[in-house]
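Report on the following structure.
The values are calculated or read from the model by the stated rules, or taken from the named source; none is laboratory data. All values reported here derive from a predicted model rather than from experimental measurement. Positions of Cβ are backbone-derived with ideal geometry, glycine not excepted, and every protein chain shown enters the neighbour counts. These area figures cover heavy atoms from the full protein model, side chains too; ligands, DNA and RNA do not enter into them. Shrake-Rupley method; radii C 1.70, N 1.55, O 1.52, S 1.80 Å.
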Amino acid sequence: MPDEQKDYRAILKKYWGYDDFRAIQLPIIESICRGQDTLGLMPTGGGKSITFQVPTMAMDGLCLVITPLIALMKDQVSNLKRRGIKALALYSGMRPSQMYTVLDNAMYGHYKFLYVSPERLMTELFLSRLGRMKICLIAVDESHCISQWGYDFRPAYLQLAAIRKRLPGVPVLALTATATPEVVDDIQEKLLFAKKNVYKMSFERPNLAYIVRKTEDKYGELLKMLRSVQGSTILYVRNRRRTRELCEYLQKQGFTAEFYHAGLDDITRDARQRRWQAGESRIMVATNAFGMGIDKPDVRLVVHLDLPDSLEAYFQEAGRAGRDGAQAYAFIFYSRSDVTMLKKRVSDNFPDLDAIRLVYEHLQYYYQMAMGDGQGCIRQFDLEDFCRKFHHAILPCDGALKILSLARYIEYTEEQDSGSRVVFRVTREDLYHLRDMDAKADKLLMCMLRNYTGIFLEQTHISEEAMAELTGMTRQEVCEILIRLRMAGVISYVPRKRTPYIIYTRARVPMDELRFPPSAYEDRKARYLRRVEAMIGYVTNSSECRSRLLLNYFGEKNDHSCQQCDVCTAKADLPLLPGESRDDERLRRQVCDLLRERKCTPNVLYDALNTDRERLASLLRQLLDEEKIQWKDGYFSLNRYGRG
């Protein structure tokens, strides 16, 4: 194994074309190559993949990469192949024959990287072959998902401890862009680190301005931002319905926009993401389902129109702006009602225990599960249908199911990929008499007939990616042809989708015997409440630099201000955005100074400030929206809770 820095740099130059490493990449690589378990804390865009890809190329063997993001998995495998590096991926939705091929190649094909989703790790198929693979390194991406105290805990990650025990002596590299000091310790404990070993890159983003505005006119403020800050944009909203509504509103205002959420089919999501990444659409309006694994460095603006429920989630989403190092902006628009709604999420995510017990009981009625039965049963689950039948509110019901899952009564999976399915609606003989079939469609039909048995008898799982590779088409072309065949009545085609499941991990018990350990309820609720309070504290803060506040939250002490957030620019009497004049900020301060001394009518303010009446009226409306001033009995006065 190479020990000299120049060897790692030679690998970096040969495969990635870079002359040198960035920040803490090299120290992490050296730590791994010494065989040490290592945790790397690197912000979004910090170059995490280099820290396991380079040492693997310097080692003899295969790197097992654990990541929950199938899109990122596929993207990294494609990138490695383009660089002449042999890589594979194993994830839900693949046919058994594809999985066998991947695992056989991992054992005998001299491949360097095997990407695996956490749900695949403990399957019998994978475990039966793991011992015959020459694993040199385990890389765990999004490693905060293993911590029950983190904001995005995923139970499947806990299986990594069992994998480590099967691979004694193999070092692990854990990577994350968001972890508090408590979560940092928990990651190392859960991954069975031999000793604590953390490399931390500063989370400070000197090119990213964090800005919060309290307003009742979010759309009006948004239009101003979009006209002030040019370039690619992501707008985050809380629910799926609002993605469509806001997208349509922006299109009417003359902007090119797409909307994106987890309820769209794969074909639609892929097409919209591709158009946005190519710059054909400027704006992506999305739920938090969008962004993980998206590598677009030139995003200039990220705006949250609803409050995230944690600073961890906000920091990661805001961090998608300005990854190219050029000036970028992360905005939050919020109103008084947003704070109330955020507080309500605590009771939605953690309903009282009696309500959780009732959801459990109704689940048994839903599946007609007898007492003592159920262990090992797997059932598809429709949350909306369940809530409609038993009169539950969707959000608290979803929270109850997650707590039941943490308490190990059930497993509630939200992201199981059902895979695409096809069955022919015509006979094999009818196929040969079809007319008006173009050459590509005919080629695809022949490919399906050769590779899928039983496709005339029952719905058969297919892979659009595999057929694209076999026919020389793109995945998009394959999907479009399948849709045309469906419309022509030749096939029944159900595109791949994520289907929730309920898995009974134990037999049904009486509802009054349900027990919830602190780790599943009280402790998690207390930590969630602290995250919500931290988020509220961030947006209502009016005195501390926002960048410094965020860094302190993640355990990074910083004694200097960013000089570009809304708090810093207000203190320094500086313009906040491109095109904004210093006069705007100066007028704001003059108004507040006057009202700090006494109440004033509009005319008194106008005479005292000698400014344009329309400009003053606009500023007064904005200050009222921000609750920095108030209007009563014909007078403006400074709100004692507001900031001048």
Expressed as a whole number of Å, what is the distance separating the alpha-carbon centroids of the stretch 39-100 and the stretch 267-312? 22 Å
Charge dipole of the chain built from unit charges on the beta carbon (Lys, Arg +1; Asp, Glu -1), centred at mean Cα; most positive-end Cα among 552, 236, 507 is 552
Whole-angstrom gap from the stretch 330-359 to the stretch 463-486, using each part's C-alpha centre: 43 Å
Out of the total accessible area of the stretch 232-302 (probe 1.4 Å, heavy atoms of protein only), what percent is carbon and sulfur? 42 percent
Between residue 361 and residue 289, what is the label-point separation in nm under the 7 Å Cα-to-beta-carbon projection? 3.4 nm
So how far, in whole Å, is the C-alpha centre of the stretch 159-212 from the one of the stretch 501-544? 22 Å
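Hey, if we sort 66, 378 by accessible area with the 1.4 Å probe, largest down, what's the order?
Result, largest first: 378, 66.
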Convert 20 °C to kelvin, take the viscosity as 1.002 mPa s, use the Kirkwood radius over C-alpha pairs of the stretch 353-497 as Rh, and evaluate the Stokes-Einstein diffusion coefficient in µm²/s, rounded to a whole number. 117 µm²/s
Relative contact order of the chain, please, whole-number percent, based on alpha carbon pairs below 8 angstrom and at least 6 residues apart. 13 percent
Difference of contour (0.36 nm per residue) and Cα-Cα distance, residue 542 to residue 590: 15.5 nm
Scaled radius of gyration (Cα, divided by 2.2 N^0.38 Å) that the stretch 101-198 gives: 1.10
Stokes-Einstein at 10 °C, 1.306 mPa s, Kirkwood radius from Cα pairs: D for the chain in µm² s⁻¹? 57 µm²/s
Sites residue 426 and residue 370, calculated FRET efficiency, Cβ-Cβ separation with R0 45 Å, nearest 0.05: 0.55
Longest the chain segment clear of GluC sites (Glu not before Pro) sitting in DSSP loops (not H, G, I, E or B) with at most 13 other Cβ atoms within 10 Å runs 5-279
Please work out how much accessible surface residue 461 shows to a 1.4 Å probe, ignoring ligands, DNA and RNA, in Å² rounded to 10. 90 Å²
Starting from the Cα-Cα distance between residue 97 and residue 195, subtract it from 0.36 nm times their residue separation and give me the gain in nm to one decimal. 31.2 nm
In nanometres, what is the gap between the two model label sites at residue 154 and residue 104, each 7 Å from Cα along Cα-to-Cβ? 2.9 nm
Compactness of the stretch 270-370, expressed as Rg and Dmax over alpha-carbon positions, Å: 19.2, 61
How large is log10 of I(q)/I(0) for the stretch 246-295 at q = 0.28 Å⁻¹ when the intensity is taken from the Debye formula with one equal scatterer per alpha-carbon? -1.16
Please give the direction-averaged projected area of the C-alpha convex hull for the stretch 90-136, in square nanometres with one decimal. 3.1 nm²
Taking the Cα atoms of the stretch 13-84 alone, what are Rg (to one decimal) and Dmax (as a whole number) in Å? 12.4, 31
Relative contact order of the stretch 1-84 (C-alpha contacts under 8 Å, at least 6 apart) in percent is 31 percent
Based on the Cβ-Cβ distance from residue 613 to residue 239, what FRET efficiency comes out when R0 is 45 Å, to the nearest 0.05? 0.65
In Å, descending, principal axis extents of the Cα set of the stretch 1-135: 42, 29, 28
Measure of size requested: the Rg and Dmax of the stretch 505-601, with Cα atoms as the atom set and Å as the unit; please supply both. 23.1, 71
Using 0.36 nm times the number of residues separating residue 383 and residue 128, minus their current alpha carbon distance, what extension gain do you get? 88.3 nm
Excluding residues fewer than 8 places away in the same chain, name every one of the lysines whose C-alpha is closer than 16 Å to that of residue 628. 214, 571, 599
In Å², nearest 10: area of residue 320 left accessible to a 1.4 Å probe: 20 Å²
Round to the nearest 10 and give me the degree value, 0 to 90, for the angle of helix 582-597's Cα axis relative to the longest principal axis of the chain. 60 degrees
Stokes-Einstein D (µm²/s) once Rh is taken as the Kirkwood radius of the stretch 209-265 over alpha-carbon pairs, at 20 °C in 1.002 mPa s: 170 µm²/s
Any idea what the alpha-carbon Rg over 2.2 N^0.38 Å comes to for the stretch 460-553? 2.06
